[in-house]
Amino acid sequence: MSGDQQIVEHTFPTIPGKSLSGDDEPVVIQDEPTLTLDPDAADVVLLDQILTYYQHTLAQVAVAQRYFERLGVTMEIAQRYRLGYSNRTLGLHLPSKQLKAGRLIRSRLTDIGIYRATGHEHFTGSLVIPFFDAAGGIVQVHGFKLLGHELRAGTPLEVWLNRPIPPLWNERSLLRGAGVILCSSIQDALAAIAGGHERTCAVTSANAAEVVGMFQQHGVSDVRMAYPSTSEENAQATALEDALTQAGIRCSRVTIPPRLTVAQWAKRVKATGQSMDLDHAATTGITGAPPATTIDVPAPAVAPHPQSVPAPMLPAPVPRVVGDDVFVTLGDREYRVRGLGKNSDSDALRVNVRVLCGDLCHVDTLDLYNARNRVGFQNAAGDEIGCLPDVIKRDLGRLILACEQAQMDRAKALEKPEDSTPVMSPEEEAEALSLLRDEKLTQRIIDAFDQCGVVGEQLNKLTGYLAAVSRKLSDPLAIVIQSSSAAGKTSLMDAILSFVPP
């Protein structure tokens, strides 16, 4: 080499006080490799060295660790598939742009696609996922932004090198032919691999012929499709199923609970202590295929239905009231509402809501009539229990109906008059029946009047008494007391009524 054209050798120094993840937590870099970049090296060599650097960076990035935790992906899996993270620190390890060596190496990295013409790293803020061919050579690199919600409007969430995109990720899983598991995204494929299914690949091309061609190239005869149950995914799966079937490849679908990705389903299954079963599926492919095997998976939150048909109107769930708490079960999620009785205003429904899903739990206090409160709850609860926010949103709508029903039931109970009829003890009831069966009952009634000072008129006293106690009958008796003035009509009536309870 002549002039400044020389091998550039740098190490990865620790940057004091600076977090490679963009978070506030400090990082410590250990076992730092040496970054050797030769401007005259082949593209594949330079690309391999850059991916090694991104692998090293990944281990220091907190946001990537949290993302892998949600997928269930371990660092061992990340290293095996050479996943990395670009945090815009690569330029710190290159010679200055003022030097010829710095300009040369940046020009080469721009040609490869690692740098843009503007001088910025192409994959900044991205999880870097390399594509390898069957021989292990790097053929493409995909970048997926992990902090999409913090980006400027219009920033693409996915970036690629400026070269053809292979129809499948993880082509090496096809090498042994036979059967493979196919996911609709690389993230879902990583979750499946983390669940123990190494022979998993992900489709990246909308051209079904390209996907089928790669399967035929490697002699794949059985494809199990693990696609989420959404209208878009179902349409893509149907088109690919038709192409696979026409090519003579047996195709089957794995039943994924509605509104869940493979990664979310895997997290939910893991929370129940079970293992994700992607090795069996319901056959949907060519005629004469072996009979399908029913897979044993946790019951879906909502019964599957064709996405092209509007979901039927579900009835309001029946609340279960225990003391002041209201419990509502929706699928595998149990909601507990506390504080319902404190809401005297019909324009608010401020309660404490707890949702349980297996061993996962989320609790918050919110006004169920406030749209902003509901959005906050559904996002936080969905992230906590591994459920799509849309599922929680639907649950909250049905939970409101259940709470309103519980409030109406409670109001009706308060309006119902209490039964003030005294209840006799067994001893009192036996004594009353003994008196009722007494053969001299009528005489005893007359004697009781005499003892109270009402003498004479035995027949009138008995008749009046019998008429008074018949008031409980469906057709009670009625009498009229007639006599001359000052004959004692009122005294007789008062005496009779004094023997009758109110």
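If I ignore ligands, DNA and RNA and count only protein heavy atoms, how much of Arg82 is accessible to a 1.4 Å probe, in Å² to the nearest 10?
40 Å²
How high is the FRET efficiency between Asn207 and Val44 when r is their beta carbon distance and R₀ equals 30 Å, given to the nearest 0.05?
The computed FRET efficiency comes out at 0.70.
At q = 0.11, 0.15, 0.17, 0.26 Å⁻¹, work out log10 I(q)/I(0) for region 335-405 with the Debye formula, treating every Cα as an identical point scatterer and leaving solvent out; two decimals please.
Results for region 335-405 at q = 0.11, 0.15, 0.17, 0.26 Å⁻¹ read -0.23, -0.44, -0.56, -1.27.
In whole Hz, with x marking every Gly and Pro, tabulate ³J(HN,Hα) for region 454-465 from phi via Karplus 6.51 cos²θ - 1.76 cosθ + 1.60, θ = phi - 60°.
Coupling constants for region 454-465: 9, 9, x, 6, 4, 5, 5, 4, 5, 5, x, 5 Hz.
Can you give me the solvent accessible area of Val322 with a 1.4 Å probe, rounded to the nearest 10 Å²?
80 Å²
What is the set of long-range amide H partners of Val321 at a cut-off below 5 Å, with H atoms built 1.01 Å from backbone N?
Those lying under 5 Å, H to H, from Val321 are Phe327.
Put Ile481, Ile50 in order of accessible area, largest first, 1.4 Å probe: what do you get?
Ile481, Ile50
Quick query: amide H of Phe132 versus all other amide H atoms, modeled in the peptide plane; which residues come in under 5 Å with a sequence gap of 5 or more or a different chain?
Amide H to amide H, under 5 Å and 5 or more residues apart or across chains, Phe132 pairs with Val139, Asn170, Glu171.
Probe radius 1.4 Å, ligands and nucleic acids left out: which of Leu92, Leu441, Leu47 has the largest accessible area, and how do the rest follow?
Per-residue accessible area, sorted high to low, gives Leu92, Leu441, Leu47.
In Å², and per residue, what accessible area does region 143-278 have when probed at 1.4 Å with the other protein chains present?
With all protein chains present, region 143-278 gives 42 Å² per residue.
Mind checking the full-extension length gain between Lys342 and Cys361? Use 0.36 nm per residue of separation minus the Cα-Cα distance, one decimal, nm.
4.4 nm
Express the C-alpha Rg of region 104-248 as a ratio against the empirical globular expectation 2.2 N^0.38 Å, rounded to two decimals.
After normalising by residue count via 2.2 N^0.38 Å, the value is 1.15.
Size of the dipole of region 329-444 about the Cα centre, Lys and Arg at +1 and Asp and Glu at -1 on the beta carbon, nothing else charged, in debye to 20?
My answer is approximately 500 debye.
Which of the peptides 234-241, 330-337, 251-258, 188-195 is most tightly packed, and how do the rest follow, going by the mean number of other Cβ atoms within 10 Å of each residue?
Result, highest mean first: 188-195, 251-258, 330-337, 234-241.
Taking the radius of gyration and the Kirkwood hydrodynamic radius from Cα positions alone, what is the Rg/Rh ratio for region 345-502, to two decimal places?
1.46
Evaluate the charge dipole of region 24-173 about its Cα centre and quote only its size in Debye, nearest 20, assuming +1 on the Cβ of each Lys and Arg and -1 on the Cβ of each Asp and Glu.
460 debye
Would you mind telling me the share, in percent, of accessible area of region 390-466 contributed by carbon and sulfur at probe 1.4 angstrom?
The nonpolar share, carbon plus sulfur, comes to 55 percent.
Using +1 at the C-beta of Lys and Arg and -1 at the C-beta of Asp and Glu, which of Ala101, Ala78, Thr124 has the Cα lying farthest in the positive direction of the dipole of region 70-128?
Farthest towards the positive pole: Ala101.
How much accessible surface area, in Å² rounded to 10, belongs to the heavy atoms of Met408 with a 1.4 Å probe?
100 Å²
Per the 1.4 Å probe, what fraction of the accessible area of region 112-259, in percent, lies on carbon and sulfur atoms?
51 percent
Under a point-charge model restricted to the Cβ atoms of Lys and Arg (+1) and Asp and Glu (-1), what is the dipole moment magnitude of region 45-104 relative to its Cα centre, in debye to the nearest 20?
300 debye
Under the Kirkwood approximation applied to all pairs of distinct alpha-carbon atoms, what is the hydrodynamic radius of region 454-494 in Å?
Evaluated over region 454-494, this radius sits at 11.2 Å.
The values are calculated or read from the model by the stated rules, or taken from the named source; none is laboratory data. Note that the coordinates shown come from a computational prediction; the quantities given were computed from them, not determined experimentally. Because the Cβ atoms are built from the backbone with ideal geometry, glycine has one as well, and the counts that use them run over all protein chains shown. Surface areas here come from the heavy atoms of the whole protein model, side chains and all, with no ligands, DNA or RNA. Shrake-Rupley method; radii C 1.70, N 1.55, O 1.52, S 1.80 Å.
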